[in-house]
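The values are calculated or read from the model by the stated rules, or taken from the named source; none is laboratory data. All figures in this text were calculated on a predicted structure; none of them were measured in a lab. Here the Cβ positions follow ideal geometry from the backbone for every residue, glycine too, while neighbour counts run over all protein chains shown.
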Amino acid sequence: MKGVTPIQQDWPDHNPAGKLDDEDYPAYSMGHAAEILGVTQAFLRSLDAAKLLTPGRSEGGHRRYSRYQLRLAARARELIDQGTALDSACRIIILEDQLAEARRINTELQHPHRPKSDQPGPASG
């Protein structure tokens with residue numbers, strides 16, 4: 001799972017538009033995140049207590065969620081709505097996330113990008 005660091009130190013070199021494209025940038029307040037997902041703020045706090053999400057914090061200490069975290073929360077809601085217990089749903093999501101990361105790494109290792117210096121060019125001589 002991805003770690004979260006304080007908001008002020010995360011993206012000092014990014015312009016505001018770049019932050020919106022970054023799926024890990026904690027752009028959403030708890031209220032906005034709950035509204036987007038159609039859940040209560042208590043549900044989001046329960047995911048934090050279960051260690052599925054570790055939201056960023058604003059200067060005032062308010063929870064801030066990234067798009068990545070919203071996807072995890074949406075998956076948790078889906079599993080819980082199907083009758084899965086919260087702890088079990090969190091474990092399933094963590095395992096799914098680890099599997100996706102392992103597959104991504106495996107794909108990168110199987111299909112490495114050739115550096116530009118390895119591409120054929122004009123013959124020297």
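Does ARG64 count as within 15 Å of the chain's Cα centre (by Cα), on the phi < 0 side of the Ramachandran plot and not acidic (Asp, Glu)? It is true that ARG64 is within 15 Å of the chain's Cα centre (by Cα), on the phi < 0 side of the Ramachandran plot and not acidic (Asp, Glu). Restricting GLU101, GLU59, GLU96, GLU78 to those that are touching a residue at least 12 places away in the same chain (Cβ under 8 Å), assigned to a helix (DSSP H, G or I) and surrounded by fewer than 16 Cβ atoms within 10 Å (Cβ to Cβ) reduces the list to GLU96.
When restricted to residues that are in a loop (DSSP other than H, G, I, E, B) and either at pLDDT below 65 or within 11 Å of TYR65 (Cβ to Cβ) (or both), the range 24-46 contains 4.
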